[in-house]
Amino acid sequence: MASFTDAVEEIRRRIDIVDLISQDVALRKGGRNLKGLCPFHNERTPSFHVSPEKQIWKCFGCGAGGDIFSYIQKRDNLSFPEAVEWLARRAGVTIEYGGRGGEQVRSEKEQILRVNEVACAFFQKMLRESAKARDYLAKRGLSESAVEKYKLGYAPDSWDTLVRHLAREGVPASYALKAGLIIARDGSGGYYDRFRDRLIFPIFDAFDRIVGFGGRALGDDPAKYINSPESVVFAKNRILYGLNFARRAIVEQDMVIVVEGYMDAITTQEAGFENTVATMGTALTEEHVNLLGRFTKKAVLAFDADSAGMAAALRSSFFFERSGFDVRILNMPKGEDPDSLLRAGDGSRFAILVKEALPILDHRVKLALAKHDLSTDEGKAAALKSAIRVLAETESIVERERLIKQLAKYHPNFSTGTARAEDHIRAEVEAARRRLTRGAQEQTESKVSAQEGFRRQNFLDKLERIVLGMIIAEKVEPDKVFDALPSNKFSGESTRQLAEALHSQYLELGKIHVETLVTKLEGTPAGDLLVDLTVGYDPSELNYSLEEVVRTIELEKKRMRHARMRELAQKFQEGVIKRGDEEFEEYWQLVRELKGANADRVIKASESDS
């Protein structure tokens, strides 16, 4: 066992940041670093950098950054101790906690996750004892290995079997209640099981933790499916069923298949389409799409062929398009769903349907046209108007142009020439786009301007960052830097804090250990700056001599002091400040520093001018 502090360092030694992050993000080589799409905000151009050398990460789009611990904290919304525990389990490191009882009191999240594990084992045991549930799974074509892989279970037809089991296992009822496994009885006290006579599907998050359960009725309950209620570990709009199993296949194939429901996901994955995930009785949300965007920007929606399935696909498409996805809709045969199609042995047919899935824009245009009678001029005009509204909402010029050519035959001017009809449609689409985007464009321009203003750094700050970057990149000995430019003489708050932290570590260890310092400074301006300088600087930007940079810093500081002295002199001459004022004392100190023996004469001259 290792103490908490020792465990942190041991985990850091055992877990490579590239291996950790590449499970979530498709990383590509980009110079000395690896790059990918940020998992924490929506973007189309990669701005997420990982440094294999320094074992840290940084997104230059949203500003987030840190080490393996801060990555897990942000990814899973964990505290630092929780992130350490999660990584310790992954690394095989056992943490010994001090204090009364030798154990750390688990957080509410950890307690609920533990309760879910206990309940899952119970449901699995009940499945082995239920012939009815096993027969149902056999009829659905699920193998024993699949049942084991997905940890399927059965909730017996009883009001309190799970309640009593959890009590025997020492699980506090309060946590079972928060997990949604049991329900408090009205008035009479006590609890009863939420899931009764149901096939149980454990719901995993993307990282293999059981966060909730889904239950399919095996009796005559009118509620065919029910799920765990939301909790601190389970939010339906951020969980996709099967993603924990599909994650690597999605990255490898650079495409995700989205289906509806647990059985569709299991059957599709077991048929070899391992890059499949499922919604859980709710529509796809923007959060779902952003989650998938960590792994790919290509999606095929394989929803049921009924009108509800198609409507769900169309609702989802807006989020996919807004996130820059290439999203397509699979043309499911009437009356079929992925589960029924694949259980019939039509794996090759399903593969063809995936390959031939229509781009979402084509599908929406097709539906818009289908609402009208295309055999009449009035119907064609109405259909064209509907299709133009669809085209106006898409950002892709290439896609708009492709479909404008297809729509030309419905325009009244088509008989006089294809080009003329296309020009008319193009003009109408652009007019519709201007109406839609005028307000949004103004907001975007304002936001970009504000961001640029925020990122501007003054010259002195840039110079100090170069010095710190040279230390971090090991281009200069730290003691030489701090002899020439003491750490407490850095002018900016974040640069001074980082310089002092680097100097302190160097005095203690005789070297700079960036990974340890990133963890120590987590959440501070100095910590953010350390990550920026480690991941963001190209070594070619640091090809200066230390003497040259320090000399320039001193000259810049002197220039700034002269400018400040002139500003205060102007105020003194105008009577804005007087002897005894705080700003006068600053003025006097600057004059003494910069004018030396002539200081009194300068002050008197200023007074005579006032």
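Summary table below
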{"read-out": "From PRO222, PRO202, PRO172, PRO229, residue being out of contact with any strand residue (DSSP E or B) (no Cβ under 6 Å at 6 or more places or on another chain) and either under 29 Å from ALA138 (Cβ atoms) or among the polar types (S, T, N, Q) (or both)", "value": "PRO222"}
{"read-out": "Subset of region 196-219 (residues that are not in a loop (DSSP other than H, G, I, E, B) and not aliphatic (A, V, I, L, M))", "value": "ARG198, PHE201, PRO202, PHE204, GLY212, PHE213, GLY214, GLY215, ARG216"}
{"read-out": "Positions within region 323-341 being in a helix (DSSP H, G or I) and in contact (Cβ under 8 Å) with a residue 40 or more places away in the chain, in sequence order", "value": "PRO338, ASP339"}
{"read-out": "Test: residue in region 468-489 that is farther than 30 Å from VAL8 by Cα, not hydroxyl-bearing (Ser, Thr, Tyr) and not in a helix (DSSP H, G or I)", "value": "yes"}
{"read-out": "Test for GLY523: is it within 47 Å of the chain's Cα centre (by Cα) and either modelled with pLDDT of 70 or more or assigned to a helix (DSSP H, G or I) (or both)", "value": "yes"}
{"read-out": "Flag for VAL93 being touching an Asp or Glu at 6+ places or on another chain (Cβ under 7 Å), outside the structural domain of LYS520 (by TED's automatic domain parsing) and in contact (Cβ under 8 Å) with a residue 60 or more places away in the chain", "value": "yes"}
{"read-out": "Strands (runs of 3 or more DSSP E) contained entirely in region 220-304, each with at least 2 residues that are assigned by TED's automatic domain parsing to the domain that holds LEU137", "value": "225-227"}
{"read-out": "Residue within region 479-492 that is modelled with pLDDT under 85, farther than 30 Å from LEU384 by Cβ and surrounded by 15 or more Cβ atoms within 10 Å (Cβ to Cβ) present", "value": "yes"}
{"read-out": "TYR192 vs. criteria modelled with pLDDT of 90 or more, closer than 19 Å to LEU284 by Cα and surrounded by fewer than 19 Cβ atoms within 10 Å (Cβ to Cβ)", "value": "no"}
{"read-out": "Tally of residues being without any contact (Cβ under 8 Å) to a residue 60 or more places away in the chain and within 11 Å of VAL84 (Cβ to Cβ) across region 3-19", "value": "1"}
{"read-out": "Residue check, PHE319 within 23 Å of VAL398 (Cα to Cα), assigned to a helix (DSSP H, G or I) and in contact with a Leu (Cβ under 7 Å, 6 or more places away or on another chain)", "value": "yes"}
{"read-out": "Yes/no for GLU96 being modelled with pLDDT under 85, in contact with a strand residue (DSSP E or B) (Cβ under 8 Å, 6 or more places away or on another chain), of a type outside the set (A, V, I, L, M, F, W, C) and surrounded by fewer than 22 Cβ atoms within 10 Å (Cβ to Cβ)", "value": "yes"}
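Listed here are the residues, each with its yes/no results for (1) modelled with pLDDT under 90; (2) in contact with a Ser or Thr (Cβ under 8 Å, 6 or more places away or on another chain); (3) in the same structural domain as GLU286 (by TED's automatic domain parsing).
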| position | (1), (2), (3) |
| --- | --- |
| MET310 | yes, no, yes |
| LEU314 | yes, no, yes |
| SER317 | yes, no, yes |
| ARG322 | yes, no, yes |
| ARG328 | no, no, yes |
| ASN331 | yes, no, yes |
| GLU336 | yes, no, yes |
| LEU342 | no, yes, yes |
| ALA351 | no, no, yes |
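Matching residues to (1) crowded, with 21+ Cβ neighbours inside 10 Å; (2) at negative phi; (3) in contact with a helix residue (DSSP H, G or I) (Cβ under 8 Å, 6 or more places away or on another chain):
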{"site": "GLU9", "(1), (2), (3)": "no, yes, yes"}
{"site": "ALA26", "(1), (2), (3)": "no, yes, yes"}
{"site": "ARG32", "(1), (2), (3)": "no, yes, yes"}
{"site": "LYS35", "(1), (2), (3)": "no, yes, no"}
{"site": "ARG44", "(1), (2), (3)": "no, yes, no"}
{"site": "VAL50", "(1), (2), (3)": "yes, yes, yes"}
{"site": "GLU53", "(1), (2), (3)": "no, yes, no"}
{"site": "ILE56", "(1), (2), (3)": "yes, yes, yes"}
{"site": "GLY66", "(1), (2), (3)": "yes, no, yes"}
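The values are calculated or read from the model by the stated rules, or taken from the named source; none is laboratory data. Values in this document were obtained by computation on a predicted structure and should not be read as measured data. Note: ideal-geometry Cβ built from the backbone for every residue, glycine included; neighbour counts use all protein chains shown.
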